[in-house]
Amino acid sequence: MKRLILSMIGMFIFLVGCSEVEPDIKGDKDLKAVGLSKKQAANADYYTEKYRPQYHFSTPSGNLADPNGLIYFEGEYHLFHQKNGNWAHAISTDMLNWEHFPVALEHDLLGQALSGSTVVDWNDSSGLFDGKAGLVAFYTSTEGGEAQGMAYSKDKGRTWERYKGNPIIENPGIKDFRDPKVFWHEDTNKWVMVISTNQSVTFYNSVNLIDWTFQSQFGDDEGSHVAVWECPELFQLPVNGDKGNQKWVLHVSVGDNDATNGSTAQYFIGEFDGMTFVNDNPPETVLTTDFGQDFYAAQSFSDIPDEDGRRIWLGWMANWRYPYQSPTDPWMGSMSIPRELSLRTIEDGSIRLFQGPIKEIESLRAGAHHVEAFQLEGDHPIDTFMSTTFEFEMIVEWDDVEEFGIRLRQSEEEETVFGVDTATNKIFLDRSNAGLKQLTDRNGNMFQFGNRHETEYPMGRKQIKIRGLVDESSIELFVNEGEFTFTKLIYTKPTNNAIELYTKGGSVDVVLLDFFELHSTWRERPQAEEMTGIIVSEEYITLKVGEMTTVKAQAKPNGYVYDESYTWEVELPNLVGITEQDDSTISVKALEPGVTNITISDASGKITKVMKVRVHS
């Protein structure tokens, strides 16, 4: 029987809590600079806040936006990102486990340092590195109109110096002139810069990274023009793995607009000779990058070794309709998982961009749970695997069925659904009942966050392969090896960990079904059979006198079996009464106006969680 201890322990909790408060780790500082290694920080509840991604990149505090300057150099991957017009900085050796470093580029006399790219100047064509190799960053400055600036690093990206001749390309008299993407074009032996220019992109060439010459512009009447084009990308990929048949991919993100109910992204496939891009498809063709709502400003890593042969990018998991309006604290925004890109031919002979999680993700697997093949009809809960941070792979075949799918992060009240609707030839990802239904967007209007996104699917295949990555506040789905991708943020209860398969109007054959628990990249990996924490379904409750609600506690890590009783202690029992429902659930009743805490402990008393309750009249 669970012990319900009601005591006046407010001052005691306050004093003990103050001694255990997590150090103030700012996003602009290296962890080492504040005396905390990554492993030490893990012992101070580092990166355990509600909704905090566990294997996606997020900043410790403050805003995160576009990825900038992604590059590989001397064994290290560098990830810069927008943070209020600065370039925040992190470094990794595997694109998964990141360490935060000081801000690389701050505001200067030319204003902010907006989005851009970084290259390795291997042969010192800039003359800045005394004949050696160094890193050169390109960004957009803002004072007097958007223009292109340059900075460089001689110490593997640890410190950066602005080029004294900035801006290297002045504003040509237009409003939108930003987000320079720079790369070396082997065939012409020149550097190429692609710049976003309203609803087009503009190409420049240089031999020294400093002096740039206009070449051409692409975009008029091509693709989608529902909003400004931003964060251009341009790279070459082999088609179907054939290095003798290569195509160029031009990618642009498309800003906030009513036509797509927020921002989106598109890509073009064609030819590029170092000066001009030619689209292979008809101008009216729109190739959508991601069919969810939260994948924007994708950028790829520069200078990954040729022998690796991989083109890898990641995007900002957010939307310009609600860039900094999510219910997260003290951080706002995260990145997608890094994705490997390829070009493949589909049934009709056209070429499409495929995306898949990098192979390094498999290093995070904490264990595998395999479900034997079976025929599915109706609802089928997965009782043997429950989690909030996991990966799954699934292959389904069918003959005659109206709809089927998988319900993720499920509870009795909430779920996110990926489904296949054979009647309408659509696949969809639906977060309309996932928790957060509305939020106030950046314009101060109410936005229907709980929504469904869908796209056409060739049902004649009679088969679908799904790979999913589920984290504390996001779902990324890769359908048929990434031919279709869906990226969506979800803000559901932290304890929602159930999974269920379903069909409507028929049956399907589940040919393959595997689940993999994923370790956190921000904390030490727990020892086997080690409980690391407690989470609750609600961390902050507001009730009116006489109202009641239910709170559920759950042990971490995912999959840990806690079979003892929790202890629930109320700071001010005259304000709140609690009643046991089962081993992990209580009812909370508001008695008098005021604010109090409820502390949940394991049987040993060593692992605790505090939730706040506010009662009003």
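The values are calculated or read from the model by the stated rules, or taken from the named source; none is laboratory data. Keep in mind it's a predicted model, so treat the numbers as computed, not measured. Neighbour counts are summed over all protein chains in view; Cβ atoms, including those assigned to glycine, are modelled from backbone coordinates with ideal geometry. For the accessible areas, the whole protein counts, side chains as well, though only heavy atoms, and no ligand, DNA or RNA atoms are used. Shrake-Rupley method; radii C 1.70, N 1.55, O 1.52, S 1.80 Å.
General observations
- Scanning the stretch 71-116 for residues that are outside any strand (DSSP E or B), hydrophobic (A, V, I, L, M, F, W, C) and at negative phi, we see that the one that is surrounded by the fewest Cβ atoms within 10 Å (Cβ to Cβ) is Leu109.
- Counted residues, the stretch 572-589 - those being over 36 Å from the mean Cα position of the chain (by Cα), assigned to a strand (DSSP E or B), over 13 Å from Thr542 (Cα atoms) and hydrophobic (A, V, I, L, M, F, W, C): 1
- Test: residue in the stretch 437-446 that is under 18 Å from Asp471 (Cα atoms) and either small (Gly, Ala, Ser) or part of a loop (DSSP other than H, G, I, E, B) (or both): no
- The lone exception for Arg452 - which of (1) in contact with a Phe, Trp or Tyr (Cβ under 7 Å, 6 or more places away or on another chain); (2) crowded, with 17+ Cβ neighbours inside 10 Å it fails: (2)
- In the set Val561, Val536, only one residue is under 30 Å from Asn97 (Cα atoms) and open to solvent by 70 Å² or more (accessible area, probe 1.4 Å); that residue is Val561.
- Any pair with Cβ under 7 angstrom, 6 or more apart, that starts in the stretch 225-240 at a residue that is assigned to a loop (DSSP other than H, G, I, E, B) and ends at one that is of a type in the set (Lys, Arg): Asn240/Arg344
- Filtering the stretch 495-536 to residues that are within 25 Å of Thr599 (Cα to Cα), more than 23 Å from the chain's Cα centre (by Cα) and part of a strand (DSSP E or B) leaves Gly533, Ile534, Val536.
- Considering residues of the stretch 426-441 that are open to solvent by 20 Å² or more (accessible area, probe 1.4 Å) and closer than 15 Å to His453 by Cβ only, the residue nearest to the chain's Cα centre (by Cα): Asp430
- Going through (1) at pLDDT below 95; (2) in contact with a Lys or Arg (Cβ under 6 Å, 6 or more places away or on another chain); (3) of a type in the set (Val, Ile, Thr) one by one, Val595 falls short only on (1).
- Qualifying residue in the stretch 318-329 (condition: buried (at least 17 other Cβ atoms within 10 Å of the Cβ), part of a strand (DSSP E or B) and touching an Asp or Glu at 6+ places or on another chain (Cβ under 8 Å)): no
- Number of the condition not met by Gly349 [criteria: (1) open to solvent by 10 Å² or more (accessible area, probe 1.4 Å); (2) within 25 Å of Ile71 (Cα to Cα)]: (2)
- Test: residue in the stretch 278-296 that is in a strand (DSSP E or B), open to solvent by 30 Å² or more (accessible area, probe 1.4 Å) and either touching a strand residue (DSSP E or B) at 6+ places or on another chain (Cβ under 9 Å) or over 29 Å from His78 (Cβ atoms) (or both): yes
- Identity of the residue in the stretch 590-615, in a strand (DSSP E or B) and over 37 Å from the mean Cα position of the chain (by Cα), that ends up surrounded by the fewest Cβ atoms within 10 Å (Cβ to Cβ): Gly594
- Phe268 open to solvent by less than 20 Å² (accessible area, probe 1.4 Å) and closer than 15 Å to Leu234 by Cα: yes
- Residue count for the stretch 167-188, restricted to those that are open to solvent by less than 40 Å² (accessible area, probe 1.4 Å) and in contact with a Ser or Thr (Cβ under 7 Å, 6 or more places away or on another chain): 9
- Answer residue from the stretch 387-412, given it is open to solvent by 80 Å² or more (accessible area, probe 1.4 Å) and in contact (Cβ under 8 Å) with a residue 40 or more places away in the chain and is nearest to Asp509 (Cα to Cα) among those: Asp399
- Residue pairs whose Cβ atoms lie under 6 Å apart, separated by 6 or more positions or on different chains, with the first residue in the stretch 546-562 and under 17 Å from Asp383 (Cβ atoms) and at pLDDT below 95 and the second in a loop (DSSP other than H, G, I, E, B) and small (Gly, Ala, Ser), are Asn558/Ser387.
- Condition met for Gly157 (open to solvent by 20 Å² or more (accessible area, probe 1.4 Å), in a loop (DSSP other than H, G, I, E, B) and not aliphatic (A, V, I, L, M)): no
- The criterion of being open to solvent by 20 Å² or more (accessible area, probe 1.4 Å), in contact (Cβ under 8 Å) with a residue 24 or more places away in the chain and either more than 19 Å from Thr48 (Cβ to Cβ) or in contact with a strand residue (DSSP E or B) (Cβ under 9 Å, 6 or more places away or on another chain) (or both) holds for Val511.
- Selection within the stretch 517-533 - open to solvent by 20 Å² or more (accessible area, probe 1.4 Å) and either in contact with a Leu (Cβ under 9 Å, 6 or more places away or on another chain) or on the phi < 0 side of the Ramachandran plot (or both): Glu517, His519, Ser520, Arg523, Glu524, Arg525, Pro526, Gln527, Ala528, Glu530, Met531, Thr532
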